[in-house]
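Read-outs: derived from the displayed coordinates by stated rules, not from any lab. All values derive from a computational prediction rather than experimental measurement. Positions of Cβ are backbone-derived with ideal geometry, glycine not excepted, and every protein chain shown enters the neighbour counts.
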Amino acid sequence: MYRVIVFFLCFAFAKLSAQDLAVNKFRQCGYENIRAGSTETGYWITVEDRVHRSVYKGIDEAVKILLEIVEEDKDVDLILLNNRIPQLKIHLSNMILKEYRQNEISVADVMKRLDIGYDTDNYRSGEPLKKPVNPSAGRIDLVFYPQIGLANYRLDKLYVVDISLAPALEMQLWPGARFTGQVVFPVYNNLKGEVDYIRPGILALSQSFRMRDNVFGSLHVGNFSDNRMGTAVELGYRSDRGYWGIGGEAGLTGSSTFYNGRWEVSNWKRVNFALKGYAYVPVWNVRFDVSVGQYVYGDRGGRFDCMRYFGEVAVGLYAMYSGREVNGGFNFSVPLPGRKRKRSRSFPVRVMLPEYFDWEYEAQSGPDYKNRKLGRTYRVHPERNRDWYNPLYIKGNLVNNN
């Protein structure tokens, strides 16, 4: 009986030590909101990656850490968070660990055999949450967003140019909640009016939520881009493996302008809404998006996007129809310097560039299109990057980079 008790205590201590070792390693690498708990065949670990520039690079490093720490007879579920909301589960089986430790398979083989999915609802199996290690709540980022506008809707100018620098204070609050406070500083433009003044940018409070594995959404209130202030909501459903998704969004806004030192806001009476869908083709690394609905100023129409991913770079074309007018253009997203953005222990605010620079060119169909304000919409966050929590996209990049 004595030997049984000693063996049980040693086994329990070994399991705890492995969890603590993994948690400590993730903390050293800068991951946040780290927790660990037990499952029937091993244990789970939650991490939020606010260090790496792209999602798949953070997962790549996390999996390699687990390959060196987790015992061969244990399964481990890595739960990836965003704003403390579970996004993905990466399952690393004991069989994969055993074959890797015995040099039967390579790291690339491990990445190919990873089970990545959205099924995070029951990863804790009812186990109460402990206090997170390296929590992100209340930590502040000062992000310097470059803004470049280029359009050809004026008859008296070849191109309208507007270049600004828009630093933003960003902070996580409670789970799923985020505050953004942005100020826009003009650098150069060939226009007159609001663009000549230092003015508020996006000042918004956002709340993300997740109802089940495949159903997610968000609610936003505040001052948005494109001179809009109000509230907006998004709700979507994504397929189990990430091949397709559907959803919708709606907003109630008023105008928000800053001119001659005065910030003027109108009543919230403009309604916009859209039904959306996407399909992802991993063999081509291409995502197709389609949306139909009503834009900010009452015109109705639709838009079709085709986006091609080249690792961290994304390039796309789009076409849209609204108010009996056809328009289109291209867009791209490129990574900015700073593959890793670890926090300084001596300075409370992390100062950095955004992860990506996103830019879109709109081939206006003449001044009439611009004056009628066709196809107008807004953003609720300064960054519109093309990095997303899709199992197929992530797994493809994990394989290609090992």
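Structural remarks
- Among Gln28, Gln207, Gln147, the largest mean-square fluctuation in a Gaussian network model of the chain, built with springs joining Cα atoms closer than 10 Å, belongs to Gln28.
- By the beta-carbon count within 10 Å of each Cβ, the least crowded to most crowded order of Leu173, Leu317, Leu80, fewest first, is Leu317, Leu173, Leu80.
- Three-way shape label, the range 220-369, alpha-carbon gyration tensor, a/c 1.5: oblate
- Cα-projected label distance for Tyr237 with Val281, points at 7 Å along beta-carbon direction, nm: 2.5 nm
- From the coordinates shown, P(r) over Cα pairs in 10 Å bins from 0, in percent corresponds to which of [x] 5, 25, 36, 25, 8, 1, 0; [y] 5, 22, 32, 27, 12, 2, 0; [z] 4, 19, 30, 24, 13, 6, 2, 1, 0, 0: [z]
- Here the sum of -39500 (n - 2.57) over DSSP H runs of 4 or more residues, divided by the residues of the chain, equals -5500 deg cm²/dmol at 222 nm, to the nearest 500.
- Helix 55-69 and the long axis of the chain differ in direction by around 10°, with both axes built from C-alpha atoms.
- Residues with amide H under 5 Å from that of Phe185, placed H, sequence gap 5 or more: Leu165, Ala166
- Angle in degrees between helix 391-400 and the longest Cα principal axis of the chain, rounded to the nearest 10: 70 degrees
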